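See structure below.
The values are calculated or read from the model by the stated rules, or taken from the named source; none is laboratory data. Since we're looking at a predicted model, the values are computed, not measured. Here the Cβ positions follow ideal geometry from the backbone for every residue, glycine too, while neighbour counts run over all protein chains shown.
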Amino acid sequence: MRSKILVFTTIALLSLVLALGGCATDSSTPTQGEESSAPEDGADSTPEASETQPIKWDLQTPWPVGFQPHQECDAALQKINAASGGRLEMTLHPGGAIVPTNEILDAVNSGALAGEVSGISTQFGKFATAMFFDKYPAGPNAYEMYVWLYEAGGMDLWQELYDRNNINVHVVGVIGASQAESFGWFDEPVTSLDDFQGLKFRTQGTWGDVLTSLGASVVTIPGGEVYESAQRGVIDAFEFATPAVDLSAGFWEIKPVLMEPGIHAPTCIYDVIVNQDEWNALPNDLKLILELGCQAGASSVLTATDYDDMLAFKELEEKGIDIHQLPDNVIEEIVRVSNEMWDEMAADDPFFAEVLESQRDFLRNFRAMQDLKEPKGADLTWPQQ
């Protein structure tokens, strides 16, 4: 996996350098004896940004400024600003800074915001099909999601989702991701599905629907209220984010058991979408820089969050947290119940069904290929020196 991510980063960064080199060449003054390539009157031309006035965009996330995804994505955006040579200045604002978090998409649609950096999971309540482009139970992992989006038609389906709903936005791409979230924090290890019966469990979205079907009492509260709610007994157990984020939130202080793996959220995708009119007005070379910059960010953010999670597991163990794996039969039942739910939803929504089949077909073929060619188990053991 690490080698794939590094290759992904190298390709994206190399492409960005080539794009910038091309931009520099195209914008240079013609040498003596060369004719200007300016188009004749009436000919199509590439929009040009002002040489003195940068294009300034305000974007917003749904996250607080100290939240790891906000910090990592902001760092990636600033690199894109630098790559533009100062011609594009994007400012990333935290959740609630300009508009309420639940109104970000509406603000981008209207042009009140130039764009957003978010996870489309915030739109699950508006569009059921949105779940396929972010975290959902028994879905693809981060690398699989990248490949499906960029190589197997997923990005086109993502844009079609907005177009079908007359949302005036353009999906630029993925700027970051994390691997699976932690399954959750408990007082006792989860050993069977019976442990969910009557459990007051904090979560949201599609995972909440699955848990409800398993007998849990799902409680949806903002992330900032999770710690106190667990401390006061308002909730019995909860899930929030990745190990590193959970560590920083101090959840180890109030619950002794951390369950893995995060089958409910195999990846969290952080996307960049912008107002369609703003995108159309952007010079073509800046569009390319933004697209390639997002792809580079997608890799760097993922590797950073993975590394932080590795360190977080070690620290949580040192703090005495019991880290347990879900039994295989529990994972299998979650996968079965989840897929039954998606099949029922697909029967009532043709576009949902189309995207579901696209992703399932891709995963069947991709995982079969991975099983054939990727070393695993003992094959990965480093020889003894």
Inset, instruction - Inspect segment 336-353 for any residue being within 30 Å of GLY173 (Cβ to Cβ), touching a His at 6+ places or on another chain (Cβ under 9 Å) and not β-branched (Val, Ile, Thr) and give the result as yes or no. - result: yes
Inset, instruction - For segment 313-334, state whether one or more residues are under 30 Å from GLN71 (Cα atoms) and either of a type in the set (Phe, Trp, Tyr) or at pLDDT below 95 (or both). - result: yes
Inset, instruction - Quick one: THR212 ticks every box in (1) hydroxyl-bearing (Ser, Thr, Tyr); (2) surrounded by fewer than 21 Cβ atoms within 10 Å (Cβ to Cβ); (3) within 26 Å of ALA312 (Cα to Cα) except a single one, so which number is it? - result: (3)
Legend entry - Failed criterion for GLY198 (all others in (1) outside any loop (DSSP other than H, G, I, E, B); (2) under 14 Å from ALA216 (Cβ atoms) hold): (1)
Inset, instruction - Determine the pairs where a residue that is within 13 Å of HIS170 (Cα to Cα) and surrounded by fewer than 20 Cβ atoms within 10 Å (Cβ to Cβ), located within segment 92-113, has a partner that is modelled with pLDDT of 95 or more and acidic (Asp, Glu) with Cβ atoms under 7 Å apart, the partner being 6 or more residues away or on another chain. - result: GLY111/ASP277
Legend entry - Any chance LYS373 is of a type in the set (Lys, Arg) and at pLDDT below 95: yes
Legend entry - Considering residues of segment 193-202 that are buried (at least 16 other Cβ atoms within 10 Å of the Cβ) and under 20 Å from GLU340 (Cα atoms) only, the residue modelled with the lowest pLDDT: LEU193
Inset, instruction - Name the helices (runs of 4 or more DSSP H) wholly inside segment 219-328 in which the number of residues that are more than 23 Å from the chain's Cα centre (by Cα) is 1 or more. - result: 226-232, 276-281, 284-318
Inset, instruction - Scan segment 240-270 residue by residue and report those that are crowded, with 23+ Cβ neighbours inside 10 Å and of a type in the set (Asp, Glu). - result: ASP246
Legend entry - Flag for VAL257 being out of contact with any helix residue (DSSP H, G or I) (no Cβ under 8 Å at 6 or more places or on another chain), hydrophobic (A, V, I, L, M, F, W, C) and modelled with pLDDT of 95 or more: yes
Legend entry - Conditions (1) free of Cβ contacts under 8 Å to residues at least 40 places away in the same chain; (2) over 24 Å from VAL210 (Cβ atoms); (3) of a type in the set (Gly, Ala, Ser): number failed by ALA130: (2)
Legend entry - Residue among VAL169, VAL147 that is of a type outside the set (Asp, Glu) and crowded, with 19+ Cβ neighbours inside 10 Å: VAL169
Legend entry - Residue that is hydroxyl-bearing (Ser, Thr, Tyr) and farther than 20 Å from SER338 by Cα, where the choices are SER213, SER229, SER217: SER229
Inset, instruction - Looking only at segment 215-233, count how many residues are out of contact with any Ser or Thr (no Cβ under 7 Å at 6 or more places or on another chain) and surrounded by 15 or more Cβ atoms within 10 Å (Cβ to Cβ). - result: 7
